[in-house]
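Down below is the structure, laid out as structure tokens.
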Amino acid sequence: MITADRLLPLWERYRDALETPIRSFSFPEFNKHFEDRTYQMGVLNLSPDSTYRETVCHTFEAALYRGRRMTLEGAAMVDIGAESTGETADIVSVNRQIDRMRPVVSALAEEKILVSVETYHPEVAVALLEAGAGVVNLTGRVDDPAFYEAVARHEAGVVLCYTPGENARSGDYLPPAEDIFDHQLVFFKDRIAIAEAAGVTRLWVDPGFGFALNLPDGPDRIRYQTDSILQSFRLRALGWPVTVQLTGAVYLFRDEVRVAQTSAATLAVLSKANLVRSHEVPRVQPVLNLQDFA
């Protein structure tokens, strides 16, 4: 059970990370500024394979509507993906991903909506930065300085997602729970060094606990993901803001699964997450707005 007597020892043990100053940065073109508080990244799926059916947009018009609506509902940025990370989802080619995303990215960017693009292909990311995307949600290991130089050249940002293998589709098992933080630190320190050397000044780190779990929806997966959210503040020790995926469990919430991310958002705010990736923007935003009243 998540209670004060469980959380207090965790916070005290890693107090230095909890209190580490986090970098702030802006995207002037989109009139967005990110400080050490929790913001929301709303999901817009262009992959028909996505298991979260409510966020799938089958037409350009539907995607444009969803992007605009999430912005009005409070999302600080719109995260667009063209390939699901689910185990049974189809692999989508680089060209197909670009073709799916480019019209939507361009249209939303023209309206000064900050767009992130989710991909593990540098070629996709760079093409969509040229189309107007402001952030790359990078779901794979990329060590090529040229990619980060492109991000810096476009004055864009990048979300570095931890993956145990080459990318979110690799199917690699996560390290044991007691060892994963050490793996994440090595992963992030290596890539942050490359990004900073290339001139990147806008960056988030994401523990990536939504990828490659190889755990079915049930008690073990819920326990793992809940603990991951509660421990995510430890990544603040890197000095960059932390992103987390808001999880949902049919096993636990059943017919009310669409409110699951509201519960996860509460834990994320407690853990001082700086950006939450959400499928349920209007349900989650009031939780984040509580920061202004506490």
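The values are calculated or read from the model by the stated rules, or taken from the named source; none is laboratory data. Just so you know, these numbers come straight off a predicted model, no measurement behind them. Cβ placement follows ideal geometry from the backbone for every residue including glycine, while neighbour counts extend to all protein chains displayed. The area values use the complete protein model at the heavy-atom level, side chains included, leaving out ligands, DNA and RNA. Shrake-Rupley method; radii C 1.70, N 1.55, O 1.52, S 1.80 Å.
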State whether one or more residues within the stretch 195-214 are on the phi > 0 side of the Ramachandran plot, more than 17 Å from the chain's Cα centre (by Cα) and in contact (Cβ under 8 Å) with a residue 40 or more places away in the chain.
yes
Kindly provide the set of residues from the stretch 107-126 that are assigned to a helix (DSSP H, G or I), in contact with a strand residue (DSSP E or B) (Cβ under 9 Å, 6 or more places away or on another chain) and over 12 Å from Val158 (Cα atoms), ordered by number.
Leu108, Ala109, Val124
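The rows are residues; the columns are (1) in a helix (DSSP H, G or I); (2) of a type outside the set (Asp, Glu); (3) at pLDDT 80 or above.
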| site | (1), (2), (3) |
| --- | --- |
| His183 | yes, yes, yes |
| Glu196 | yes, no, yes |
| Thr201 | no, yes, yes |
| Phe211 | no, yes, no |
| Ile222 | yes, yes, yes |
| Gln231 | yes, yes, yes |
| Arg234 | yes, yes, yes |
| Arg258 | yes, yes, yes |
When the stretch 152-169 is checked residue by residue, the ones that are over 17 Å from the mean Cα position of the chain (by Cα) and open to solvent by less than 50 Å² (accessible area, probe 1.4 Å) are Ala152, Gly165
Can you work out which of the residues in the stretch 112-145 that are open to solvent by less than 10 Å² (accessible area, probe 1.4 Å) and without any contact (Cβ under 8 Å) to a residue 24 or more places away in the chain is farthest from Asp190 (Cα to Cα)?
Val136
Look at Glu29 and say whether it is closer than 22 Å to His154 by Cα and among the acidic types (Asp, Glu).
yes
When you look at Leu160, is it touching a residue at least 12 places away in the same chain (Cβ under 8 Å) and not in a strand (DSSP E or B), yes or no?
no
Considering the stretch 260-294, residues that are of a type in the set (D, E, K, R) and assigned to a helix (DSSP H, G or I), and then whichever is surrounded by the fewest Cβ atoms within 10 Å (Cβ to Cβ), we arrive at Asp292
For the list (1) surrounded by fewer than 15 Cβ atoms within 10 Å (Cβ to Cβ); (2) aliphatic (A, V, I, L, M); (3) without any contact (Cβ under 8 Å) to a residue 24 or more places away in the chain, I need the number of the one condition that Ala177 fails.
(3)
Would you mind telling me which numbered condition in (1) open to solvent by 10 Å² or more (accessible area, probe 1.4 Å); (2) in a loop (DSSP other than H, G, I, E, B) Ala75 fails?
(1)
Residue check for Phe253: outside any strand (DSSP E or B), open to solvent by less than 50 Å² (accessible area, probe 1.4 Å) and either within 16 Å of Met41 (Cβ to Cβ) or not hydroxyl-bearing (Ser, Thr, Tyr) (or both):
no
